[in-house]
Each structure stands twice: as structure tokens, then as C-alpha cells.
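**Q** Dropping the structure in here first, questions after.
Every number here is computed from the coordinates shown, using simple stated rules; none is lab data. Computed from a predicted structure; not experimentally measured. Here the Cβ positions follow ideal geometry from the backbone for every residue, glycine too, while neighbour counts run over all protein chains shown.
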Amino acid sequence: RNAIDARTRIVALSFVEFGSGFRNDLHTIGSMCRERGAYFFVDAIQGLGILPLDVRHTPVDFLAADSHKWLLGPEGIGLFWIRRDLIDMLHPIGVGWNSVVNAGNFTQIDFRLKPHAGRWEGGAPNNAGITAMGASLELLLDVGIDNVSARIEELTDYLCEKAPSAGLEVFSSRKPDEKSGIVSLLSPGRNPDKLVRRCRDAGIIVNQRFDRLRVSPHAYNTFEDIDRFLNCVQSG
């Protein structure tokens, strides 16, 4: 709160912190930005797709995310959202045939930008990426984000409950309004990098961030998957 003062023009923040899994309170922080005349930019990649987020009711000015994490899409395609009344405030650093009002009319040179976010789509779109991301979004929306979120909460709660049995300590906050799909685990007396390699050799994909294990189950994972991970760590 004290860091946002009269000199602050924009606050850039992650929806969920990639190292700890801490979920920031976007509504409270966004409201503070509005009160103090600062714009609010959210990097949503670590939460979008599994945590409910409605920009119509959250005081966010800009939001961006790639599709290859929780959204289950490919790399190389993502999304950017901007408050409609701020579009004219920003100008693309590059202009292509698809950025302008008469896109597709190659016989007329007209550099007037589209009056919406399409002005940032400079040239030929990534059609394969768009198709794949679209399929992923349809899948998630068909299942329901609330259902996805509830399932991941079940899995991560189970992981945190069982982690001590494998000699692991939960670093991530598990408060209802702070937890996410990322669980950060301490492994006292053991090298987390070696544990990651051991898990990967067993076909279990986890990562290391800041000398901690990072486990991020999605809705398609099972309690048996969590048990396999814990058994692998325990046997190491």
C-alpha cells in the first residue's frame, strides 16, 4: 500500500506468484490503484484457467497471459485484454496490414488503427495456435472453471496433508484467499534438484523454484498421481 504514491503510474503484478503459489488479492490492489490514479497490469498466466477471474468486476486495466500453462494450450499463442476506454492511450510499436481499419484491402494505404484491441494483431495470425487455444478454452469452459478450481483445491489440499509423510514441508500459504494451484515444498536435508530429476526419471513432472519443489496438479490429475510423487520423493 505504501509503495503506491503520487509518482506511481502503473502497478504490474502477477495474479499468482510463480515461485510460492501465493494468490494476490487483485480486487483490493486494483482498488488501491484506482484510488491513487495508477493503472493496474496483471500477468495472469499462473492462475488464468483454474481460478475464477472476471475483469468486468475486478478493477484491472490490462491483463495478459500465455496459453501453455493452466489454459492447456500450446506455446506461441496468448491473450491480452485492455479496458476499452484505454485503447487509444496505447499505440502499437509496429503496424501491419491486420492492425488497420481496412485490413485486407491491399490496394489502399490507410494507417488508421482499428478502434479495438485488434490494432495489436499486426499481420498473419498464428492460425494453428489460435485453433489449439480455442479448443483448450472450450474444454475448460465446458467443464466449468468453478469445477476445475474445486478439483485442483482437492488435489492440492491432499498433497499438503500428505507432504510431511514424505519429509516435505509446505511453504505455500494455504489460506482460502491466498492459495492457488501451485504448491511450493521444502525438502530439508535433500537436494531439490536431484529430487526433480528423480521424479522426471519416473515420469512425474515437477519443477524447482528458489530451492523448493514446485508441484502444480491440474484437474485431470488424480490422488494416485499425488501418491506416486510422494512415494518417489520418499524413496529418494
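**Q** Going by how many other Cβ atoms sit within 10 Å of their own, how do Val95, Val206 line up, fewest first?
**A** On the way: Val95 15, Val206 20.
Placing the least packed residue first, the sequence is Val95, Val206.
**Q** Under 25 °C and 0.890 mPa s, how fast does the chain diffuse according to Stokes-Einstein, given a Kirkwood radius computed over C-alpha pairs? Answer in µm²/s, whole number.
**A** Numbers: Rh = 20.1 Å.
It diffuses with D of about 122 µm²/s by this estimate.
**Q** Please give the calculated 222 nm ellipticity per residue for the chain, where each DSSP H segment of at least 4 residues contributes -39500 (n - 2.57) and the sum is spread over every residue; nearest 500 deg cm²/dmol? Please list the in-between numbers first.
**A** Numbers: 5 runs with 68 residues, N = 236.
Calculated at 222 nm, the ellipticity per residue is -9000 deg cm²/dmol.
**Q** For a protection proxy built on the mean count of beta-carbon atoms within 10 angstrom, sort 29-38, 186-195, 3-12 highest first, please. Write out the running numbers ahead of the final one.
**A** Working: 29-38: 15.9, 186-195: 14.0, 3-12: 10.5.
So the peptides 29-38, 186-195, 3-12, ranked by packing, come out 29-38, 186-195, 3-12.
**Q** Mean 1/r over all different Cα pairs, inverted: what Kirkwood radius does segment 10-143 give, in Å? Numbers along the way, then the final one.
**A** Numbers: mean 1/r = 0.0607 Å⁻¹.
Hydrodynamic radius (Kirkwood, Cα pairs) of segment 10-143 is 16.5 Å.
**Q** Could you give me D for segment 177-229, from Stokes-Einstein at 4 °C and 1.567 mPa s, where the hydrodynamic radius is the Kirkwood radius over C-alpha pairs? Units µm² s⁻¹, please.
**A** Working: Rh = 11.8 Å.
Here the translational diffusion coefficient equals 110 µm²/s.
**Q** How big is the Kirkwood radius of segment 145-235, worked out from every pair of different alpha carbons and given in Å to one decimal? Walk me through the numbers on the way to the answer.
**A** Working: mean 1/r = 0.0762 Å⁻¹.
The answer is 13.1 Å.
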